[in-house]
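Asker: First the structure, which I've put down as structure tokens, then a few questions once you've had a look.
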Amino acid sequence: MSSQPMLEMRGITKRFPGVIANQDVSFDVSAGEVHTLLGENGAGKSTLMKILFGLYQPDEGEVIWQGAPTTITSPSEAIDAGIGMVHQHFMLVPTLTVAENVALGLASGRRPLTDLGAVSDRIREISEQHGLAVDPSVEVWRLSVGERQRVEIMKALYRDARLLVLDEPTAVLTPQEVDDLFVILRRMTSEGRGLIFISHKLHEVMALSDRITVLRNGRVTGQTVPAESSREQLAEMMVGRAVKLTPDRPDVTRGAARLKVNQLSVQGDRGTLAVENVSFDVFGGEILGIAGVSGNGQREIAEAVAGLRSPVSGSQILFDDENVANLNTKQRRARGLAYVPEERMKDGAVGDFSVSENLILVDHGTDAFTSSSGLFKFDAIKRHCSELVERFAVKTPTIDTQTSNLSGGNIQKVIMARELTAEPTVLIASQPTRGVDIGSAEYIHSQLIAQRARGTATLLISEDLDEVLGLSDRIAVMFDGQIIAIVDADDATREGIGLLMAGVVEPTG
Amino acid sequence: MRDFFTVSILVATIASGIRLATPYLLAGLGETIGQRSGVLNLGVDGVMQLSAFFSYWAVLETDNLWLGMVIGLVVGLVMGVIYAVVTVVLKAQQGISGIGIFLFGLGFSDLMFRRQVGTPKPANQLPEIPIPLLSDIPWVGEALFEHSVVTYAAFATVPLLAWMLRSTTFGMNIRAVGENPQAADSLGVSVAWNRTFAILIGNGMAGLAGAALVLELGIFQPNLTNGLGFIAVALVYFGAWRPVGIMSGALLYGLVAAVVLQWKAQGIIPRGASDIAAMAPAVLTILALIILAGRVQAPAALTRPFSRH
Amino acid sequence: MTSNRHLLRLLALLFSFGLIAAACGDSTDDTSADAGETAESDADSDSEDADAGGDTLTMAIVAPSASDDLAFTQSMIESIEALDRDIDLQVTDGTFVVDDAAAAIRGYAEDGVEVIVAHGTQFGGPLTEIAPEFPETTFIWGTSSDTQGLENVFAYYPAADQGGYVNGVLAAAISESGKIGVVGPVEAGDAVAYINGFAQGAMDSGDVEVAITYTGSFSDVALMAEAAQAHLSNDVDVLTGSSQAVVGAVGVASENGVPWFGTQANQVPLDGELVVASQVYHWEVVLVEMLDLRDSGTLGGQAFEITLENGGLEIEFNDGYELPEGAREAADAAIAGIIDGSVDTGA
């Protein structure tokens, strides 16, 4: 590490109306270093990065790049200065080839024509140099997620970025792909490039970082190095209190199979089979976790069981031994279904509705809330909703607050409250803590564990492998529309599940 | 039917089909460029009507056909600037903005026609310019190489635009901002400028299409386009956003219409089936292009305004 | 947020501009406001022969195409202008959407306009609802050969076959190839009557072939032009056609030096050399009868036909076109024959 940091952000303060997004944040990166920026959603990480890329100007503080105070006013200035970014949502044009994506925005040597031949040659050179295998002539839509990420890194390297920001780069990768990525990143730091790693996956942060800076509510709450820290300590710095990362899973006697899925095949949005011939049982008092890289059929399974997507004929879905495959969602709910959907603002709650309206969204027509004359019983609704808000610790000013004004974690709690009051027999929880703060996630996990104790059969679908490993009794791994293995949680390892997620059926050893 | 398969009739029918196809082709090609950049313009028909009127008026007053075409182009470009301001700068919803442009074009061209011309008066028509040598080829020459300069230009534009989209930096930028404007922006490619240029190309070509229509006829009438611009927008979808696809669609549409007219003239189509036969061009073109185009996806950012935050 | 406000303002501006333009385009309103500017709608008391005495009659016309279309709508407006009466006329034209027309008709009725002309067969549906609500108002509706049983509706229609027959006789006399081409819109209404009469007249007076194309559209000018082109490729050397969309076909005739026959209005302005003759509608003949009936207390309930006999139809010849010998005489004979009933137009 050289004495002079390559980037220094000093005393950065950025205010928005009513919010201080960054307050006196200081942060620096040296050549050859991976400096992690850790924090929950809304902690101020993305504001800080937007300032670095010139999308915002700081109210106070300065950016010092390569030793000189610098004002960056647009992303292209940042690129020209040698700062690159790999966005969480890839900034690639799927219908363009790899070479075209790399060449985009660069001056061509053959104006007004593109010069893809020269670009492709240079891409191959960089590929070799950095172990980044990408074929420049392929259209990006044909590439896997991992390959696309290599294209993103290629774009930065092609522009000779000295500093690279990686925003949640592992969110969509299998554990093996994460390992490969880390090798590439290490090679880049060894060349003297600096990396800013943004992530909330604590074990990855521990594995990759040289230094870690934690943000909470716009302020730096700590700076540390992995050797002097632990996941629990990092979580505490993020949340501001002690957090239980792995929930306790008390012993529960397993009941009968309450959800049976036999030979389920489901069409995806493109008309091809997204789920093919899948069978599994979920027992009362059990959480069956489904692990897999997104897009391997998990969403379609959840929607098919919830009655939102018709399965191919011949498929069987049984709740307590009754075939519900031909019943609609309402009829399935009458038989004990509860569903916490993946896209909570699209399928789970109505953003424009108040908290109380969302809480009674499913059973507002029942006698409990509607009188015989067809009018709402407002007193009963208010009593019910106030109780739920309290019981599920929903942070909301009033029960009449518009739901879209709540944080992701609190919206999820509203949905959980609604779904769990019905005392379900079958619970589908899809990505229950995605985009949710650690505190809320901890609470949601405890509620899932409580359902397990009640004897509910829970199907947990999550891309967060830690969540699946921590909560499940058994883990089913999906690959390419099929369940390629169901393993007991006690026998499961991250590595084993990771190989299965990549479609490797027979792990060695 | 025997009368139809004579050389002179076939040649006349093909020539007629090409004439009919020309305005569809010009308008459809222009709309393709706009849509590839992510901007839907439902106002094509209105732009065509405006440019048709001003082009006609100019020719009526000056007898100068070149001026008429230039005016058509300029009116298209002016409408393009307005549309770019509304959709790119102000980021308005594109569908409704296009309908606004259409209504404006329909109403304003009608108003101007009544105020400035009143009764339909014939103006100069575009002359057919036989291409030397090529037009001497027996049969083929007469069918393909005895057309107006706008028709030649329209067909010459097809490979030009295909090449531009595929091989130039500008074309690549157009494709990028139409598919993933965030990505283009993150690399310093200006979404606003590229979309604006694409809109200008599209509206300029719609303006030329209006001029081509009216100068081929030599007369203007309110609502002259009769929905032509909307069919051109549909051709873009069915032509799978590719210049050659648009050309196939426009040609098919024009040729089927010409064959139907020829068969009606020869009594091959019984008069009772006349109205049903009138639908044939639209139905056949849509069917053919659906089958040929397959499952082509629209530009992913089509109709979506771009903003950074 | 500010950009949103600007956007709304601009959109509103653009829209109102477009709508105003559309509205202006649609209607040339109240002649008293517009006096002198649009001669077509100027049929009020200013005319020198306003000697009918008594009160000014308020009239309105709702028509589907432009008031100066050299065809259907223009024929009615000119007829009302030609009436020897003190009339305050309001015009709503260009209402090719029936619902818009219905709204305009109802609006005039509510304003107390005494006589409302609904100039389009397609307005018959709305009239069955509107007319009974305003029993004091006279509605004049056409073209239609019956009043749908409504007591305050007069209907009018042209015996378009008669002028068609005469034009056909002339066309047969001119044609050298023996092939005559006809372009029409949709096979309905007086377009069919004209075209059938034309074909009958041509075939009665010589060994000629008449090829008829209905394009399927009242307004597709380009298609009508190509329909005429298709006829020319089949050696047709005389053309005629009906509907507002014929202007394109007349252009084709001009370009190729082919004689053209017009109907509904005198089409000489489209081509001073090649328009041979036009069948012209003089609705005033029957309008006078209707208004007289209204004066005497009969508000409607009768249908009127304009014919060669009652002078409602007239063949206007173009002096700029030199007819072959005997053609004019044959035409005059046909007119006389139709009037005295010795000639059957096939209608």
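Asker: Give me the accessible area per residue for the range A:7-239, probe 1.4 Å, as a whole number in Å².
Answerer: 40
Asker: Count the DSSP beta bridges whose two residues both fall in chain A, then state the antiparallel fraction as a percent rounded to the nearest 5.
Answerer: So the antiparallel bridges amount to about 55 percent of the total.
Asker: Under 9 Å from the Cβ of A:Asp24, count the other residues' Cβ atoms, weight Lys and Arg +1, Asp and Glu -1, and hand me the total.
Answerer: Charge balance in the 9 Å sphere: 0.
Asker: Which listed residue (B:Tyr83, B:Leu215, B:Leu228) has the Cα farthest towards the positive end of the charge dipole for chain B, taking +1 on Lys and Arg C-beta and -1 on Asp and Glu C-beta about the Cα centre?
Answerer: B:Tyr83
Asker: What is the distance, in nm, between label points placed 7 Å from the Cα along the Cα-to-Cβ direction at C:Ser177 and at C:Asp99?
Answerer: My value for the distance between the label points is 4.6 nm.
Asker: Per residue, how big is the convex hull around the C-alpha atoms of the range A:408-502? Give it to me in cubic angstrom, could you?
Answerer: Considering the Cα atoms of the range A:408-502, their hull volume per residue is 104 Å³.
Asker: Give a quick list of chymotrypsin sites (Phe, Trp or Tyr not before Pro) in the range B:118-216 that DSSP marks as loop, anything other than H, G, I, E or B, with at most 12 other Cβ atoms within 10 Å.
Answerer: When the chymotrypsin sites (Phe, Trp or Tyr not before Pro) of the range B:118-216 are filtered for loop state and at most 12 Cβ neighbours within 10 Å, B:Trp139 remain.
Asker: Another one. Tell me, which residues of the range C:196-226 get at least 40 Å² less accessible area when the other protein chains come in, versus the chain alone (1.4 Å probe)?
Answerer: C:Ile212, C:Thr213, C:Tyr214, C:Ser219, C:Val221, C:Ala222, C:Leu223, C:Glu226
Asker: Check each of the trypsin sites (Lys or Arg not before Pro) in the range A:313-422 and keep only those in coil by DSSP with at most 13 other C-beta atoms within 10 angstrom; list them in order.
Answerer: Counting only loop positions with at most 13 other Cβ atoms within 10 Å, the trypsin sites (Lys or Arg not before Pro) in the range A:313-422 are A:Lys395.
Asker: Between B:Gly30, B:Gly218, B:Gly267, find the one with the highest GNM mean-square fluctuation for chain B; connect C-alpha pairs within less than 10 Å.
Answerer: With Cα springs under 10 Å in chain B, the top fluctuation among B:Gly30, B:Gly218, B:Gly267 is at B:Gly267.
Asker: Å³ per residue of the Cα convex hull, for the range C:149-255?
Answerer: Value for the range C:149-255: 102 Å³ per residue.
Asker: Which whole number in µm²/s is D for the range A:146-252 by Stokes-Einstein, with the Kirkwood Rh taken over Cα pairs at 10 °C and 1.306 mPa s?
Answerer: For the chosen part, D equals 103 µm²/s.
Asker: Now a separate question. Which residues belonging to the range C:259-277 lose at least 40 Å² of 1.4 Å-probe accessible area when the assembly is complete, relative to their chain isolated?
Answerer: C:Leu270
Asker: What quantity of accessible surface, computed with a 1.4 Å probe and excluding non-protein components, is buried in total between chains B and C, in Å² to the nearest 100?
Answerer: Accessible area lost upon association: around 4100 Å².
Asker: Compute the angle between helix B:169-179 and the longest alpha-carbon principal axis of chain B, please, reported from 0 to 90 degrees and rounded to the nearest 10.
Answerer: 80
Asker: Using the alpha-carbon centroid of each, what span in Å lies between the range A:215-241 and the range B:193-271?
Answerer: Here the two parts' Cα centres lie 65 Å apart.
Asker: Please enumerate, by chain and number, the lysines with C-alpha under 17 Å from the C-alpha of A:Lys382, excluding those fewer than 8 residues away in the same chain.
Answerer: Qualifying lysines at Cα under 17 Å: A:Lys395.
Asker: Rounding to the nearest 10 and keeping the result within 0 to 90°, find how far the Cα-based axis of helix B:94-116 lies from the longest principal axis of chain B.
Answerer: Taking Cα atoms only, the helix is inclined about 50 degrees.
Asker: May I pose another question? Which lysines does A:Lys260 reach when only Cα atoms under 28 Å apart count, and residues fewer than 8 places away in its own chain are ignored?
Answerer: Filter leaves A:Lys330, A:Lys346, A:Lys413.
Asker: Where the centroid of each part is defined by its Cα atoms, how far is the range B:116-159 from the range C:115-177 in Å?
Answerer: What the calculation gives is 41 Å, centre to centre.
Asker: Now for a different question. Using Cα springs under 10 Å in a Gaussian network model of chain B, which residue among B:Gly227, B:Gly178, B:Gly80 shows the largest mean-square fluctuation?
Answerer: B:Gly227
Asker: Just grab the label-to-label distance for A:Ile486 and B:Ala288, each label 7 Å out from Cα along the Cβ direction, in nm (one decimal).
Answerer: Distance between label points: 5.6 nm.
Asker: Over chain A, what percent of the accessible surface lies on carbon and sulfur atoms, probe 1.4 Å?
Answerer: The value for chain A is 47 percent carbon and sulfur by accessible area.
Asker: List the pair-distance distribution P(r) of the range A:7-239, using every Cα-Cα distance, as the percent of pairs falling in each 5 Å bin from 0 up to the bin containing the longest distance, rounded to whole percents.
Answerer: With 5 Å bins starting at 0, P(r) equals 1, 7, 14, 18, 19, 16, 12, 7, 4, 1, 0, 0.
Asker: Give, rounded to the nearest 20 debye, the magnitude of the charge dipole that the range A:7-239 has about its Cα centre when Lys and Arg contribute +1 at Cβ and Asp and Glu contribute -1 at Cβ.
Answerer: Rounded to the nearest 20 debye, it is 340 debye.
Asker: I've got another one for you. Report the FRET efficiency, 1/(1 + (r/R0)^6), for A:His89 and C:Ala347, where r is their Cβ-Cβ distance and R0 is 60 Å, rounded to 0.05.
Answerer: 0.25
Asker: Please list 3J(HN,Hα) in residue order for the range C:137-147, calculated via the Karplus relation 6.51 cos²θ - 1.76 cosθ + 1.60 where θ = phi - 60°; whole Hz, with x for glycine and proline.
Answerer: Coupling constants for the range C:137-147: 8, 9, 10, 10, 10, x, 8, 7, 9, 9, 9 Hz.
Asker: Round to a whole angstrom and tell me the spacing of the C-alpha centers of the range A:34-51 and the range A:335-384.
Answerer: Centre-to-centre distance over Cα atoms comes out at 36 Å.
Asker: For the range A:416-481, which GluC sites (Glu not before Pro) pass both filters: DSSP loop (anything but H, G, I, E, B) and at most 10 other C-beta atoms within 10 Å?
Answerer: When the GluC sites (Glu not before Pro) of the range A:416-481 are filtered for loop state and at most 10 Cβ neighbours within 10 Å, nothing remains.
Asker: Could you work out how far apart the two model spin labels at A:Ala368 and B:Arg308 are, taking each label as a point 7 Å from the Cα in the direction of the beta carbon, and quote it in nm?
Answerer: So the label points at A:Ala368 and B:Arg308 sit 5.0 nm apart.
Asker: While we're looking at this one, here's another question. Give, to the nearest whole percent, the P(r) tail of the protein assembly as shown beyond 56 angstrom, counting all Cα pairs.
Answerer: Cα-Cα pairs of the protein assembly as shown separated by over 56 Å account for 38 percent.
Asker: How big is the charge dipole of the range B:12-250 about its Cα centre, in debye rounded to the nearest 20, if each Lys and Arg gets +1 on its Cβ and each Asp and Glu gets -1 on its Cβ?
Answerer: That gives the range B:12-250 a dipole magnitude of about 600 debye.
Asker: Another question about this same structure. Go ahead and run the numbers for FRET between A:Asp347 and C:Ala336, Cβ-Cβ distance against an R0 of 60 Å, rounding to 0.05.
Answerer: Efficiency, rounded to the nearest 0.05: 0.15.
The values are calculated or read from the model by the stated rules, or taken from the named source; none is laboratory data. Here the structure is a predicted model, which means the values were calculated and not measured. Methodologically, a virtual Cβ is constructed for each residue, glycine included, from the backbone with ideal geometry; neighbour enumeration extends over all protein chains shown. Calculation scope for accessible area: heavy atoms of the full protein, side chains included, ligands and nucleic acids excluded. Shrake-Rupley method; radii C 1.70, N 1.55, O 1.52, S 1.80 Å.
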